[in-house]
Structure formats: C-alpha cells, structure tokens
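Undergrad: Provided herewith is a single structure, encoded as structure tokens, for subsequent inquiry.
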Amino acid sequence: MVVTGQPMGAPDPGGRFGGFGGRFVPESLVPACLELETAFAAAWADRSFRDRLDGLLADYAGRPTPLTACTRLSAQLGVNVVLKREDLTHTGSHKINNVLGQALLAERMGKHRVIAETGAGQHGVATATAAALLGLECVVYMGEVDVERQALNVFRMQLLGAQVRPVTSGSRTLKDAVNEALREWVGSVETTHYCIGSVMGPHPYPYLVRELQRVVGEEAREQYRGLSGGEDPDVVVACVGGGSNAAGTFAGFVATRAELVGVEAAGGAAVGRGVPGVVHGMRSLFLQDEVGQVLEAESISAGLDYPGIGPEHAHLAEIGRARYESVGDDEVLGAFRLLAETEGILPALEPAHALAWVVRAAGNGTLRPGANVLVTLSGRGDKDVQQVREMLS
Amino acid sequence: MSAAAETAPGSPVPGSPVPGSPVPGSPVPGALEAHLRARRAAGAKLLVPYVTGGLGDDWVEVVQAVAAAGADAIEVGIPFSDPVMDGPVIQEASVRALRARTTPRRVLQGIAAAEIGIPVAVMTYYNLVARAGDRRMAAELHAAGVAAAILPDLPLEEAGPWCAEADAAGVETVLLAAPTTDGPRLARIVARSRGFLYAVGLLGVTGEREHVARSALEIARRAKAATDLPVLVGVGVSTPAQAEEICRVADGVVVGSALVRRLLAGEGPEGAGRFVAEMRRALDA
Ligand SMILES: Cc1ncc(COP(=O)(O)O)c(C=O)c1O
C-alpha cells in the first residue's frame, strides 16, 4: 500500500485526505464502518481475495479494457486523444470494478444483502449484476426523476433480480437516493452492506472505492507506455460526479508528470462553486446556500447530478495536484456527437463531459497543439440514446 | 455534593482516550443536566418532546404549550435539507419549515424571544453548524438561551472540535448511543455526553412504531449500567403506554414523530399540549 502523506496514498487513520473526509454518520452506522474498514484492510492484504477479484475482473468483466487512439478525432482537434475504454466492460461502465470488489467484501463479512444508490443507473445495474453473480439480495434506491430519464436501466436492474425503489424526497435525484439508502442502512446495517457507488460517503468508502478503481489508472499507464515507447501522457482527463472513475484514473498517473483534470457538470460543479461542508458522511465541497442547506445540482447527465464531490478530489484541488473544470450541457451534446461521428463510439453523457473539456481546451489553446491527452471513457452511451434523441429533436 | 463523585460511573475508561474531553473527570452539570437530574431525584420520569422549528407560524406557541403541558425539556429542530436520521414525518416537517424560509437564525430568534420555562436543546445536522463555524454556532446557541445541542450525524470520533467550542460557550452536547454500540464504545460515549445520554431505541430512523422494540429496553439497561447521566430513549417512542413501558428501565423518553404528525395534521398548540399532557399523565401514574 502507498505511504500516507503522498498524494493518493492511504488517508490518515480518521479517514482524512488533508482536511477532507472523515466519518460523519449516525452512531448506529459507526460500528459497520469500522467493520468494513477492518474487513477491507484484511481482504486487500489477502492474496486469495485479490486473486478472486482479479479473476472476476478478467473473466467476467472483460479486463483489461483497451486503449484506443482516436485518429480522426485527433486530426480534427489538433491534439492526440487516447481513450481508456471502460465502456467496453461488462455492464458498460467502470462501476463494475467497484461493485465486484464490494460484493466480495459483503460476502466475506457474512452479509447476504446489498443496497445501493444510483443516478444514471449504471451503478445500480452493476450492483444488481454483481449481486446476481454472487447470489446476494439487492435493493437499489433511485430518484424518481432518474427513474424516468433512465427507464431502460430500471428494467435492466429488475431483469437482474434487483428491487428498484424510487425516491420521492427532495430533488428526487442522486443526492436523495443517497439519503434514502443511508436511512435504510441505519435500520438494516446488521444484515446489509451498503455498496456506495463512488469515492464518497464516510471512511473507509472514499479510500476503498478509489483502491477498487485504481485498476483503471494502472492499466492505462502501462498501456500508454507501451503505445508511446515509454512516455506518459501530458494531460489525463476524467469526468467527476462523485469522482470514482477520475480517482481510479488519477491514481495511476499521480506519480507521473501528467497534468490531472477532472471535469464536472456546470450545474454540479462542487469544486468550482461549492464550499466546505459535511454531508453524506464526509467533509468535502458541496453546493449549498449561505446557512448550509444543500442545493440541488442540475445536469443532463444523471450520473453527474450530484452537489458534492469525493473528499480526495477536494484535497487534490486544494493542494493543486489536480484541477477541476466544468462544462455546460450544450458542449456535452456536441462532444457526444463528435465522438460518434469521428470514431464510431457513443459515449455515456458523463464521460462526454471529459471530452467536451478536451474539445474546448484544444480550441482555445489551453491544450497546446500536439498535446498528448488520455481521457477515461467511463461508460457507453446506450442508456442515453433516448434522452439525446429527445434533446436533439 | 461533588459533581465528580456524582458522575463517577461515566468517567473515562482507563486507557481509552476521550476525544474532545479536555479535562479529566467530569464537569459541573449544565442547565439541562442539572434540571433533569433534579427532576429525576424528585422521582419524575423525564419527558422531552421534539418540535420542528419553523413548522407553522405558531411553532413558538407549540413549544410553549408543550412546556406548559408538563415537558421537562424540549428539543427544537432546526430543519436541514438532507436529514438522514429522520423518517417521513420529520422529513415532511423539515420540508414545510424550509419552504416557509426557516433559517437557523429565525429558529434561534424564536427561542430567544419566547418565555419557555424549561431547558431547550437544539437538534440539527452538523452541516448547519459547520457552515456557521463551530465557535460562532456555539456562541449563537448560548446567546439564544439554548442549553444543549444534539447533532445525530456527529459521532464521538468527529465531535472533538465542536465539543470544545460548545463546552467553552456553556452549551451541553448530548451524544447518542445506538443498539449497535458495543460496551467499550458506550463507556466512551457516556463519558463525553452532557445533558443526558440519548439512547437510540432501535436500528432505524425516526418514526412511529407499533410496539416498543426489545432493543429500546436493552440499550436503556446497558446505558443505565454504564452511567449516572440521565438516560433518555428516543426514536420510535409513539404512545403514552410505550413511554411508560420504556421508563420502567430508562430515566425518560424523547418523543418526536408522534407529536410532529399531530402538528402536520394541523392540531396546533392545543393538540400538542393535549398529547404531551397525556404522555405526562402516563409517566406520572
Ligand atoms: C458512465 C459513468 N461515468 C461517470 C459516472 C460518475 O461517477 P464517478 O464520478 O464516481 O465516476 C457515472 C455515474 O453514474 C457513470 O455512469
């Protein structure tokens, strides 16, 4: 394990990355968080656990995922774009890396039931998938708004044997799905593992999820070096909702000289417009009003519709090791179409944010001509086709 | 009477440091704890109803009616946008209060301006405190005449900085213990709790329940064995009969959703007073 104190090493014993993180949960949940922390430390050091996870990642999820050099897109933008293809995993996004690990942990802790929150539905689908694979009971909380805009993913989860519970409180999106999952967990904690979908929540989740997503960045660095004769990219870009695909990607490159860029939705830009606060078990940056009521994020992408950001990203922003940008819905739609037309790849709307920033930065000179850019394509766009169709008509 | 001797059973367990507890031994009880101890010493079972601040134009009158009906102290909620310890009833109350533009300041002004007659504890979530800053919020609570604070998402390990400011400002921090809290942890929690110990009666969020959970009596029994601090069971306490049953073990109860449901139904100060009086009679019988 990486030494504490280096960027993207282990957090301190209280689960802090600099001033962010911690464990701000009701007392009922504290023992479960401690149990998970202990179980994860033991499992992560256990060769047989790692072998089993690696086996599932390879034979079930389809890892390693390829890198794709984008010839026509690069020619058009004037920068060299390479994609890390998490869209090609089983279930179609990086979320599968996290849930396979957490489902194995749940099993190891003797918990036969998992709950999850989901925004776009990708994490819900991934959790339902892992639960089916390991024979666990699965309940997914999803905001009512997202149930509507991601109807196909709701049906997928049901086909996989999961129960989907629409959440009608608050903004009826991802934030409220997290609230409802936490409320349920307060009651079911003795039998149930909460499979959090991003690098957020109380310690040890931000750390645990980042370690489970680290495979994205480590593979990408190896592959990139192979492709480029031993070089690292100049810039590494990933979209940020809670920040798990970005954290996993950055973990592979934090020790290189690559510039790290996280891209948020303009309507949910926690680094750009958020202030420090304590919500969903963590101290981090959140969109909130002047007294501390949490504001509702707004984005076309259900997966980025979250008013906060994982605590490690707040820390990376603070120490300047990563930088966080935001893009608007129109730019995202443009990037979505551009990748489809130039490379024959329909990205999910979430990673289309990362691409949209690359398009903008290549256009305005933020990226120098010929810069080498690695973008994590965190998921495929099938789930968004209907929504994009409506937006374009 | 020596305060140290009186609270001795709640003293820190040797070898387990208590975060946020600057002084060894126990402090002089604050206004809430002193009041509850005195009532208990007089033979009373303790009744602490919860009211959401800003719920309805007449919420301050509700607080006064609850006090007049025989409450020993009152918990006033400052509504938060994301109350993860609360079930549907208190969530709805929070939504309504926030829609009516309730802010922490307006709740505190309401408390400060009213003649209430019993100690007030504020219940809210830590983000509202963090946004203001620990020191400023502690000072504002004190200035409003609030005796204590209950922050359900601020567990022992994270409570140190807040507790230090609250102690300095003379605000008692009530900590919570849950059915999942083991013995050594319970000992550390009671050592750092002020005012009373909030024993969460069941694994779950606030809301009414049909029956008294076995865990309510169990946590009350364990807590009573661990501390001399008043032990109040909250979450799920719904009827006078349930309150009476729990108080055979606990020193008292916190009653939230059962009262707030009546307020949501428009029963107002009168209905609130009637319900609390009924609870009072059951506990005094
Ligand atoms: C494809 C895809 N990318 C990214 C995200 C955002 O999550 P994170 O920021 O944790 O990677 C989601 C969330 O639903 C997603 O489905």
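Undergrad: Residues to consider are A:A126, A:A120, A:A131, A:A116; find the one that is over 17 Å from the mean Cα position of the chain (by Cα) and either of a type in the set (G, A, S) or at positive phi (or both). Steps first, answer last, please.
TA: Details: A:A126 fails: over 17 Å from the mean Cα position of the chain (by Cα); A:A120 fails: over 17 Å from the mean Cα position of the chain (by Cα); A:A116 fails: over 17 Å from the mean Cα position of the chain (by Cα).
The conditions single out A:A131.
Undergrad: Let me ask something else about it. Can you name the residue in region A:343-354 that is within 14 Å of the ligand (Cβ to nearest atom) and open to solvent by 10 Å² or more (accessible area, probe 1.4 Å) and, of all such residues, is nearest to A:Q122 (Cα to Cα)? Steps first, please.
TA: So in region A:343-354, the residues within 14 Å of the ligand (Cβ to nearest atom) come out as A:345-354.
After this cut, where a residue has to be open to solvent by 10 Å² or more (accessible area, probe 1.4 Å) as well, the list is A:345-346, A:350.
On the way: A:I345: 18, A:L346: 15, A:E350: 11 Å.
By that ranking, first place goes to A:E350.
Undergrad: Could you please give the count of residues in region B:164-183 that are surrounded by fewer than 24 Cβ atoms within 10 Å (Cβ to Cβ) and facing another protein chain (nearest Cβ under 10 Å)?
TA: Count: 3.
Undergrad: A further question on this structure: Being open to solvent by less than 10 Å² (accessible area, probe 1.4 Å) and among the aliphatic types (A, V, I, L, M) is the filter here; which residues of region B:36-57 pass it?
TA: B:L36, B:L46, B:L47, B:V48, B:V51, listed by residue number.
Undergrad: How do the pairs read when you match residues in region B:51-78 that are touching a residue at least 40 places away in the same chain (Cβ under 8 Å) with residues anywhere that are crowded, with 22+ Cβ neighbours inside 10 Å and acidic (D, E), using Cβ under 8 Å and keeping only pairs 6 or more apart or on different chains?
TA: B:V51/B:E75
Undergrad: If you don't mind, another one. Tell me which residues, restricted to region A:102-135, are among the charged types (D, E, K, R) and over 14 Å from A:T192 (Cβ atoms). Steps first, please.
TA: Step one: filter region A:102-135 for residues among the charged types (D, E, K, R), giving A:107-108, A:111, A:113, A:117.
The answer is A:R108, and nothing else.
Undergrad: Moving on to the next point. Restricting the search to region B:81-96, which residues are surrounded by 23 or more Cβ atoms within 10 Å (Cβ to Cβ) and either more than 11 Å from chain A (Cβ to nearest Cβ) or in contact with a strand residue (DSSP E or B) (Cβ under 7 Å, 6 or more places away or on another chain) (or both)?
TA: B:S81, B:D82, B:I90, B:A93, B:S94
Undergrad: Please work out if B:A216 is assigned to a helix (DSSP H, G or I), within 25 Å of B:I118 (Cα to Cα), at pLDDT 95 or above and in contact with a helix residue (DSSP H, G or I) (Cβ under 9 Å, 6 or more places away or on another chain).
TA: Values: assigned to a helix (DSSP H, G or I): yes; within 25 Å of B:I118 (Cα to Cα): no; at pLDDT 95 or above: yes; in contact with a helix residue (DSSP H, G or I) (Cβ under 9 Å, 6 or more places away or on another chain): yes.
Taking the combined requirement at face value, the residue does not satisfy it.
Undergrad: I'd like the residue in region A:259-270 that is of a type in the set (G, A, S) and surrounded by fewer than 23 Cβ atoms within 10 Å (Cβ to Cβ) and, out of all such residues, is nearest to the other protein chains (Cβ to nearest Cβ). It would help to see each step written out before you state the result.
TA: Our first condition is that a residue be of a type in the set (G, A, S); within region A:259-270, this holds for A:262, A:265-270.
If we keep only those that are surrounded by fewer than 23 Cβ atoms within 10 Å (Cβ to Cβ) as well, we get A:266-267.
Values: A:A266: 21, A:G267: 17 Å.
Ranking the candidates gives A:G267 first.
Undergrad: Among the residues of region A:178-201, count how many are within 16 Å of the ligand (Cβ to nearest atom) and within 10 Å of chain B (Cβ to nearest Cβ).
TA: Within region A:178-201, residues that are within 16 Å of the ligand (Cβ to nearest atom) and within 10 Å of chain B (Cβ to nearest Cβ) number 2.
Undergrad: Out of B:L154, B:L186, I need the residue that is in contact with a helix residue (DSSP H, G or I) (Cβ under 9 Å, 6 or more places away or on another chain), crowded, with 24+ Cβ neighbours inside 10 Å and within 12 Å of another protein chain (Cβ to nearest Cβ). Which one? Don't jump to the end; show me each part of the working.
TA: Working: B:L186 fails: crowded, with 24+ Cβ neighbours inside 10 Å.
Among B:L154, B:L186, only B:L154 is in contact with a helix residue (DSSP H, G or I) (Cβ under 9 Å, 6 or more places away or on another chain), crowded, with 24+ Cβ neighbours inside 10 Å and within 12 Å of another protein chain (Cβ to nearest Cβ).
Undergrad: Report, ordered by the first and then the second residue, all pairs with beta carbons closer than 9 Å, sequence separation of six or more or different chains, a first member in region B:118-146 that is farther than 19 Å from B:A73 by Cβ, and a second member that is part of a loop (DSSP other than H, G, I, E, B) and among the polar types (S, T, N, Q).
TA: B:Y125/B:S81; B:N127/A:Q293; B:N127/B:S81; B:L128/A:Q293; B:R131/A:Q293
Undergrad: Is it true that some residue in region A:180-192 is within 21 Å of A:T65 (Cβ to Cβ) and modelled with pLDDT of 95 or more?
TA: Looking only at region A:180-192, we keep the residues that are within 21 Å of A:T65 (Cβ to Cβ), and these are none.
There is no residue in region A:180-192 that is within 21 Å of A:T65 (Cβ to Cβ) and modelled with pLDDT of 95 or more.
Undergrad: Oh, and also: In region A:360-386, what count of residues is obtained for those that are away from the ligand (no atom under 13 Å from the Cβ) and either within 14 Å of another protein chain (Cβ to nearest Cβ) or surrounded by fewer than 24 Cβ atoms within 10 Å (Cβ to Cβ) (or both)?
TA: Residues that pass the stated criteria total 14.
Undergrad: Could I ask something else about it? So the check is Cβ under 6 Å with 6+ separation or different chains; which pairs have a first residue in region A:285-307 that's within 15 Å of the ligand (Cβ to nearest atom) and a second one that's at pLDDT 95 or above and aromatic (F, W, Y)?
TA: A:P307/A:F286
Undergrad: Okay, next question. I'd like the full set of residues that are facing chain A (nearest Cβ under 10 Å) and among the charged types (D, E, K, R), limited to region B:127-151.
TA: B:R131 - this is the single residue of region B:127-151 that is facing chain A (nearest Cβ under 10 Å) and among the charged types (D, E, K, R).
Undergrad: Test A:L67 against the stated conditions and say whether it is away from the ligand (no atom under 14 Å from the Cβ) and under 21 Å from A:A220 (Cα atoms).
TA: Values: away from the ligand (no atom under 14 Å from the Cβ): yes; under 21 Å from A:A220 (Cα atoms): yes.
Taking the combined requirement at face value, the residue satisfies it.
Undergrad: Still on this structure, I have one more. Do any strands (runs of 3 or more DSSP E) entirely within region A:238-331 hold 3 or more residues that are under 25 Å from A:G381 (Cβ atoms) and modelled with pLDDT of 95 or more, and if so, which? Reasoning before the result, please.
TA: Details: elements: A:259-265, A:275-279, A:281-286, A:322-327.
Once the strands (runs of 3 or more DSSP E) in region A:238-331 are filtered for at least 3 residues that are under 25 Å from A:G381 (Cβ atoms) and modelled with pLDDT of 95 or more, what remains is A:259-265, A:322-327.
Undergrad: Being touching a Leu at 6+ places or on another chain (Cβ under 8 Å), within 16 Å of the ligand (Cβ to nearest atom), assigned to a strand (DSSP E or B) and within 14 Å of chain B (Cβ to nearest Cβ), is that true of even one residue in region A:104-120?
TA: Scanning region A:104-120 turns up at least one residue that is touching a Leu at 6+ places or on another chain (Cβ under 8 Å), within 16 Å of the ligand (Cβ to nearest atom), assigned to a strand (DSSP E or B) and within 14 Å of chain B (Cβ to nearest Cβ).
Undergrad: Among the residues of region A:136-177, how many are within 13 Å of the ligand (Cβ to nearest atom), away from chain B (no Cβ under 14 Å) and assigned to a loop (DSSP other than H, G, I, E, B)?
TA: Looking only at that region, the number is 1.
Undergrad: If you don't mind, there's one more thing I want to ask. Please enumerate the residues belonging to region A:271-314 that are under 29 Å from B:P104 (Cα atoms) and more than 14 Å from chain B (Cβ to nearest Cβ).
TA: The initial filter retains those residues of region A:271-314 that are under 29 Å from B:P104 (Cα atoms), namely A:271-298, A:305-311, A:314.
Within region A:271-314, A:V271, A:G272, A:R273, A:E298, A:D305, A:I309, A:G310 qualify.
Undergrad: Give the residues of region B:189-206 that are open to solvent by 10 Å² or more (accessible area, probe 1.4 Å) and more than 10 Å from chain A (Cβ to nearest Cβ), sorted by residue number. Give the derivation first.
TA: Filtering region B:189-206 down to residues open to solvent by 10 Å² or more (accessible area, probe 1.4 Å) leaves B:191, B:194, B:198, B:202-203, B:205-206.
Within region B:189-206, B:A191, B:R194 qualify.
Undergrad: With the structure loaded, tell me whether B:A241 is open to solvent by 10 Å² or more (accessible area, probe 1.4 Å), away from every other protein chain (no Cβ under 12 Å) and touching a residue at least 60 places away in the same chain (Cβ under 8 Å) or whether it fails that test. Working first, answer last.
TA: On the way: open to solvent by 10 Å² or more (accessible area, probe 1.4 Å): yes; away from every other protein chain (no Cβ under 12 Å): yes; touching a residue at least 60 places away in the same chain (Cβ under 8 Å): no.
Spelling it out, it is not the case that B:A241 is open to solvent by 10 Å² or more (accessible area, probe 1.4 Å), away from every other protein chain (no Cβ under 12 Å) and touching a residue at least 60 places away in the same chain (Cβ under 8 Å).
Undergrad: To continue, here is another question. Pairs please, first residue from region A:310-321 and free of Cβ contacts under 8 Å to residues at least 60 places away in the same chain, second anywhere and assigned to a helix (DSSP H, G or I) and open to solvent by 30 Å² or more (accessible area, probe 1.4 Å), Cβ atoms under 7 Å, 6+ apart in sequence or on different chains.
TA: A:A317/A:V271
Undergrad: Still on this structure, I have one more. Can you find even one residue in region A:222-243 that is within 17 Å of A:S93 (Cα to Cα), within 14 Å of the ligand (Cβ to nearest atom), touching a Phe, Trp or Tyr at 6+ places or on another chain (Cβ under 8 Å) and within 14 Å of chain B (Cβ to nearest Cβ)? Break it down into steps so the answer makes sense when it comes.
TA: Keep residues of region A:222-243 that are within 17 Å of A:S93 (Cα to Cα), which gives A:237-243.
Checking which are within 14 Å of the ligand (Cβ to nearest atom) leaves us with A:237-243.
Within this subset, residues satisfying the condition of being touching a Phe, Trp or Tyr at 6+ places or on another chain (Cβ under 8 Å) are A:237-238, A:240-242.
Next cut, within 14 Å of chain B (Cβ to nearest Cβ) only: none.
Scanning region A:222-243 turns up no residue that is within 17 Å of A:S93 (Cα to Cα), within 14 Å of the ligand (Cβ to nearest atom), touching a Phe, Trp or Tyr at 6+ places or on another chain (Cβ under 8 Å) and within 14 Å of chain B (Cβ to nearest Cβ).
Undergrad: For region A:185-206, give me each residue that is buried (at least 24 other Cβ atoms within 10 Å of the Cβ) and part of a loop (DSSP other than H, G, I, E, B).
TA: A:V189, A:C195, A:I196, A:G197, A:S198, A:V199, A:M200, A:G201, A:P202, A:H203, listed by residue number.
Undergrad: Additional query: Has region A:265-285 got any residue that is of a type in the set (K, R) and touching a Leu at 6+ places or on another chain (Cβ under 7 Å)? Don't jump to the end; show me each part of the working.
TA: Restricting attention to region A:265-285, the residues satisfying the condition of being of a type in the set (K, R) are A:273, A:283.
Checking the rest, the ones that are also touching a Leu at 6+ places or on another chain (Cβ under 7 Å) come to A:273.
There is at least one residue in region A:265-285 that is of a type in the set (K, R) and touching a Leu at 6+ places or on another chain (Cβ under 7 Å).
Undergrad: On to the next question. Sort through A:L88, A:L53 and tell me the only one that's at pLDDT 95 or above and within 14 Å of the ligand (Cβ to nearest atom). Walk me through how you get there before you give the answer.
TA: On the way: A:L53 fails: within 14 Å of the ligand (Cβ to nearest atom).
None of the others qualify; the one that does is A:L88.
Undergrad: For region A:207-221: of the residues being within 16 Å of the ligand (Cβ to nearest atom) and of a type in the set (K, R), which is surrounded by the most Cβ atoms within 10 Å (Cβ to Cβ)?
TA: It comes out as A:R210.
The values are calculated or read from the model by the stated rules, or taken from the named source; none is laboratory data. Keep in mind that this is a model prediction, so the values were computed, not measured. Every residue, glycine as well, gets a Cβ built from its backbone with ideal geometry; the counts of neighbours run over all protein chains shown. Heads up: the accessible areas ignore ligands, DNA and RNA and are worked out on the full protein's heavy atoms, side chains in. Shrake-Rupley method; radii C 1.70, N 1.55, O 1.52, S 1.80 Å.
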